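Structure first, commentary second.
The numbers here are math on the coordinates, done by the rules we state, and not lab data. On a predicted model such as this, the values are computed, not experimentally measured, just so you know. Here Cβ is always computed from backbone atoms with ideal geometry, including for glycine, and neighbour counts include all displayed protein chains.
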Amino acid sequence: MNDMTPTQAERTGKLEGLGCRRKRTEDIRFTQGRGNYVDDLKLPGMLFGDFVRSSHPHARIKSIDTSKALALPGVKAVLTAADLKPLKLHYMPTLAGDVAAVLADDKVLFQNQEIAFVVAEDRYIAADATELVEVEYEALPVVVDPFQAMAPDAPVLREDIKDKMDGAHGPRKHPNHIFNWQVGDKQGTDAVFDTAEVTTKDLFVYHRTHPSPLETCQCVASMDKIKGELTVWGTFQAPHVIRTVVSILSGIAEHKVHVIAPDIGGGFGNKVGVYPGYVCAIVASIVLGVPVKWVEDRMENLSTTSFARDYHMTTELAATKDGKILAMRIHVLADHGAFDACADPSRWPAGFMNICTGSYDIPVAHLEVDGVYTNKASGGVAYRCSFRVTEAVYSIERAIEVLAHKLGMDSVDLRMKNFIKAEQFPYHSALGWEYDSGNYHVAMQKAMDAVGYPALRAEQKTRQEAFRRGETRQLLGIGVSFFTEIVGAGPSRNCDILGVGMFDSAEIRIHPTGSIVARMGTKSQGQGHETTYAQIIATELGIPADDITVEEGNTDTAPYGLGTYGSRSTPVAGAATAMAARKIRAKAQMIAAHLLEVSEYDVEWDIDRFKVKGLPEKFKTMKEIAWAAYNNLPPGMEPGLEAVNYYDPPNMTYPFGAYFCVMDIDVDTGVAKTRRFYALDDCGTRINPMIIEGQVHGGLTEAFAVAMGQEITYDAQGNVMGASFMDFFLPTAVETPKWETDFTVTPSPHHPIGAKGVGESPHVGGVPCFSNAVNDAFAFLEAGHIPMPHHAWRLWKVADGLGLHA
Amino acid sequence: MIPSGFEYHRPNSVQEAVALLAQLGEEARPLAGGHSLIPVMKTRLSAPEHLIDLAGVSGLKGIRQEPGHIVIGAMTTQYEISGSPLLAETLPILRETSLQIGDPQIRYLGTLGGNVANGDPGNDMPAVMMCLDAEYQLVGQSGQRGVRARDFYLGAYDTARQNGEILTEIRIPVPPRGHGYAYEKLKRKVGDYAVAAAAVILTMTNGKCTMASIGLTNVADTPLWAEAAAQALIGTGLDHAAIANAAAAAETITDPAADGRGPAEYRTKMAGMMVRRAIARAKSRAQN
């Protein structure tokens, strides 16, 4: 050893492994405009598709005349339901056990629904031709309000299934009813409510919004008729699932279907499902034998492909006078639009809504969800959250505030009093989940200390007095939320997509010179997988992250996986990555022992090498071992150094966090300004703190958007309103508050590296925090629950209703 | 998001542009910065067969001073307006307004002429021009004429400009040195049209308001000149009551649409609120 020998810290640092604030490797191409997105793909002879869409929200289609469109030079085909019917492709199965129209058959059920697919030589001709398709409609009465959907005289929307009163999730009560789903102890819960000292009951509406990734949904389908093989490039969060679905629907054997998801410009749940555009592009390519591209525009994206939320949650809490919560009862009316196209695991019609008891030790609870059809676009996807978790957390975190106000208690004190205690983990919730780990009191106290909570409340009191004296027109709101997420779906015993268990996978291959290619079954849409997976491998295998290439999205090369959504990549594929690496390390240990001429039990792992126990100068680095794996192995050992792991998680992971928001509201304009936002996240082991902070910034920004104005609305006639970025609120850097991030670390006990996932936590926790801040500002005026979204005009109306403009 | 087909023309002179307009008739549209026209073409709400791009026309750009007036070429961009030292000194309300239009990318392309000529009630500059009593120069085949901004706006996208005419420049009387000014705009986010906005200029002499003018944006089919509201300020010390009177007078002439920016009632009240705030800020800036 001499002075040049690197220290352990230097060797660890060189790896840029777990815990390193490593810059995102993918950003080199993204920041230079060198990403490779679907719409960048140009193939020889490629045609372009565009949709004829319904101008009516509910109408019978009397006739479709495509002759003028077909006569336009450059138009190659116009597909309608009549063309798809013989292929049995005019409807497609949804992930939720329903079917959805690919092209409207007989009638349309929402405005902008797909009626015909025009294929032309260029994008402009395709658009021109859509205007030449003549559709004759007979307008039908419209159901917009989900509360009217099951009225006895409500128009029947889904005539295709009107006699099928046994749905995918049990009996249906009405032709417009989709399912009734119940969890928990109804009798026990009702009994507690009957005798409780204090109860609350509010309707919390979580409005319809949309994930709105900057890149819309798109694909290129290319059928090679000679080889009988179909290649589909697309914006797919779950490319393998798409391959399986395409194979089943098309009848093309799965090994002859190649699905490739190139770089994706944001997904947020929007790119999980299968859309008519994909099906039509594939059919058109099969029919025409040339590649067909379909690219959604912004209005199509916002008004047709998978909305989020639209949950109407009647939420009740029962408690003692001194604030011990005894029971929770929720009824949800879930507006699913025209088809049940929620992207949830098959057996979960309302996702994981039963996480709604939140971070609290609530002894008994009951949840009931009724899904209904309306004349709106279908969807109900998890927009930057695990399945229905933002809805659940919004419900409990608003209810906590309402209860605290009713009790005259500080809402933080109420939370502290009811938190699940550290020693209760693993904690079994009343609605059936096993929370893996948590330390809620510590997190909340750290957050309170960071924001100076008592001083804020004192300032608020002073402000309220000044407001009452007419010295200020600004209200001060202090928003608090404490959330527990449920992510990493999931154990295959209770989670599957179309029958495929929700495991995930990693394959790691070490080359002779010691660099690595690794492939996963997930698919980054901006999360930074190429950076973080490499860090896991770097720490597990002692190879610098810079020497590791991570590939995803090509179903020909990547092992089968269920994709990226519901914060499942780190909990599931991240675990698979660690497990695959450990298989490699076990083999490497044997090779090292062979090279060092000792027993494998006499060597031990040390950062980037195996060394002989007690003789640190006798070692073989992983790089040396990699070379030996191809030329100098123990007798009888298979050459090479690679491994695959399919990881079926034993449980979900349960990240949590404590958020505070300080907001000033101008009662004269209704304009709310967030002065401070503090987010403490506990996502277990932190792989790359910089990426975590970036994820938190992004999730909070989307939370801010949703809480403060982002929505998809319909007028009473069923016309979709505001489906463009003129009206749909996508905040810019100017509107976005400054984010402060913080953390505690409570590792997951069942995950190989203790990581829990973080991408969606800030959205889940952020939305109720903003909404609570708004509500808190007005609470001293007894405003009651103020529904989202908190547009300026809505807050002005609240103030007006309270007589503040007199 | 895919426009219909159109022919593109790029004349070099006003005469050439006017001749093209006359020749091509109603299916031709002049194109300035394109930030109103191109989006409506992409959504196919508008499908002109000919676009006459004014970008190559000489003499339509620039800011110059004449006795008592500032003259701004129609193709002068919002960016150039916000960066002009001459305007900062003589007409600071223009800089304040232009900086509230769109975002930097839009301001590099968007022009003053386009903003005032197309008659979109959401555009910001028309109300400012009414407030300042600007005059628009229109050139057609039969010659040139001036139309006051206060007479120019007839309805949504309906103006006194005749087919075949091009708006070439804007002449603005320079307000007295030391005047107070403000453009108060309430909007949902950067780049959005106003929920309501108010342009105010005024002068103060010995503690009394001696001149005032008020324009309102996006609270009716056209931009509005709030004459009575301004009149309510003259001779007062711009005290609370005078400002309240002006705001109330402004509110009465509004007739806003209900849209994503809020119900009509809200937008009317916000017009009043913007008037209040603009007056207060203008007062704080006025030399006495």
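Annotations for the structure displayed:
- Residue pairs, from the table A:14/A:613; A:797/B:187; A:673/A:738; A:186/A:417, whose Cα atoms sit over 21 Å apart: A:14/A:613; A:186/A:417
- Gyration tensor verdict on segment B:180-285 (Cα atoms; rounded if a/c is under 1.5, prolate if a/b is larger than b/c, oblate otherwise): prolate
- Using θ = phi - 60° in the Karplus curve 6.51 cos²θ - 1.76 cosθ + 1.60, the 3J(HN,Hα) couplings for segment A:342-349 round to 5, 9, 10, x, 3, 8, 10, x Hz; x is entered for Gly and Pro.
- Its residues counted as N, segment B:7-56 yields a C-alpha radius of gyration over 2.2 N^0.38 Å of 1.09.
- Distance in nm between pseudo-label sites at residue A:458 and residue A:613 (7 Å out along the Cβ direction from Cα): 6.0 nm
- Across peptide B:187-197, the mean count of Cβ atoms from other chains lying within 10 Å of each residue's own Cβ comes to 4.
- Where the Cα pairs of the protein assembly as shown fall when distances are cut into 20 Å bins, in %: 12, 36, 36, 15, 2, 0
- By DSSP, the beta bridges lying fully in the protein assembly as shown are antiparallel in about 80 percent of cases.
- Value at 222 nm in deg cm²/dmol, rounded to 500, when DSSP H runs of n ≥ 4 in chain A each add -39,500 (n - 2.57): -8500 deg cm²/dmol
- Those chymotrypsin sites (Phe, Trp or Tyr not before Pro) in segment B:100-174 that DSSP places in a loop and that have at most 15 other beta carbons within 10 Å: B:157
- Inter-chain Cβ neighbour average for residues A:423-435, partner chain, 10 Å: 0
- Each of residue B:145 and residue A:734 was given a label point 7 Å from its Cα along the Cα-to-Cβ line. The distance between the two points is 3.7 nm.
- Applying both filters, DSSP loop and at most 10 other Cβ atoms within 10 Å, to the trypsin sites (Lys or Arg not before Pro) of segment A:732-806 gives A:738.
- Selected from B:228, B:240, B:268, residue furthest toward positive end of dipole (segment B:180-285; charges at beta carbon): B:240
- Net charge over other residues, Cβ less than 11 angstrom from the Cβ of residue B:154 (K, R count +1; D, E count -1): -2
- Cα gyration tensor shape for segment B:1-146, rounded if a/c is under 1.5, else prolate or oblate: oblate
- Sparse-neighbour loop sites [GluC sites (Glu not before Pro); segment A:506-614; at most 11 other C-beta within 10 Å; DSSP]: A:597
- Packing rank of A:566-572, B:73-79, where each peptide gets the mean count of other beta carbons within 10 Å, highest leading: A:566-572, B:73-79
- A cut-off under 11 angstrom between Cβ atoms defines the neighbours of residue A:218, and their net charge, with Lys, Arg +1 and Asp, Glu -1, is -4.
- Positive minus negative residues near residue A:265 (Lys, Arg vs Asp, Glu; Cβ under 10 Å): -2
- Under the simplified labelling scheme, the residue B:40-residue A:465 pair shows an inter-label distance of 5.6 nm, with each label point 7 Å from Cα along Cα→Cβ.
- Simple rule: put +1 on each Lys or Arg Cβ and -1 on each Asp or Glu Cβ in chain A, find the dipole, and look at A:543, A:400, A:9; the Cα lying farthest toward the positive end is A:9.
- Residues whose placed amide H lies under 5 Å from that of residue A:204, excluding near-sequence neighbours: A:313, A:314, A:315
- Alpha-carbon Rg/Rh ratio, for segment A:638-723, with Rh computed the Kirkwood way: 1.20
- Shielding by other protein chains, B:255-266, mean Cβ within 10 Å: 4
- Overall, segment A:94-144 carries a charge dipole of about 220 debye about its Cα centre when +1 sits on the Cβ of Lys and Arg and -1 on the Cβ of Asp and Glu, all other atoms neutral.
- Take the Cα of residue B:55, go 7 Å toward its beta carbon, and the backbone nitrogen atoms of segment B:1-44 under 16 Å from that spot belong to B:7-13, B:30-39.
- Dipole magnitude for segment B:167-261: computed about the Cα centre from +1 point charges on Lys and Arg Cβ and -1 point charges on Asp and Glu Cβ, it is near 360 debye.
- Segment B:63-173, dipole about Cα centre (Lys/Arg Cβ +1, Asp/Glu Cβ -1), debye to the nearest 20: 160 debye
- Packing rank of A:275-283, A:429-437, A:609-617, where each peptide gets the mean count of other beta carbons within 10 Å, highest leading: A:275-283, A:429-437, A:609-617
- Prolate/oblate/rounded label for chain B (Cα gyration tensor, a/c 1.5): prolate
- The H on the amide N of residue A:517, modeled in the peptide plane, is under 5 Å from the matching H of A:509, A:511, A:549, each at least 5 residues off or on a different chain.
- In segment B:7-56, a dipole from Cβ-located charges (positive for Lys and Arg, negative for Asp and Glu) runs towards its positive end, and of B:25, B:46, B:56 it is B:46 whose Cα lies farthest in that direction.
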